[in-house]
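Readers should treat all values here as calculations from the given coordinates under stated rules, not as data from a laboratory. Since the model is a prediction, treat every value here as computed from it, not as a measurement. Neighbour counts run over all protein chains shown; Cβ positions are idealised from the backbone, glycine included.
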Amino acid sequence: MRPLMVMGVLVILVTVAVSSAQAKGGGSSPAQLTQAGWSCFLPPPFNPKVHCAPPGQLEGVVAGTAAHATFLVFDTDDVTADSAAFVGTERLIRGDLYHGQPCPTDPPSYTYSSLYDKFQWDYYICHTFDSPW
C-alpha cells in the first residue's frame, strides 16, 4: 500500500510542476527537460511521442532497480523540440509490486499494461491519457 501512496504523491508533484511551468513560461519541452538533466527518448514506432524521465528514473527502470517511475509524454517525435504539447504522464510500477491494481486514468481498458513484450522491462504502465496500446 505504501508504494502506491508514494507513487500517487510523485504523480501529483510531477503534474503540479509541469502545470506550473506551463503557466509561467508556455510549458516545459523535451529540450528544456534534457537541459535540466532529464532523460528524453523516443520509443519504438508504435508510440511516436517523446517521453521524458526525471534524472535517474530511466536508468533505474532499464536496470530493474526502480520500484516505480513517472514519465512525461509530449506530442512530438523530436527529442530536441523546444516546443511540444504535453500529452500526459505514464506511471510505471515494477512487476513484483504490481498486483492487478486498476488504472482509472487510462482509457479505454483502465488497466495497467505490461512493458515486457515491448521493452523486456518487468514493469507495468498506467497512462493519464488514451494510450496507443
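Side notes on the structure shown:
- Taking 0.36 nm per residue of sequence separation and removing the Cα-Cα distance, the ASP75/PHE41 pair yields an extension gain of 11.0 nm.
- Distance between modelled label sites at ASP130 and SER109, nm, 7 Å Cα→Cβ extension: 1.6 nm
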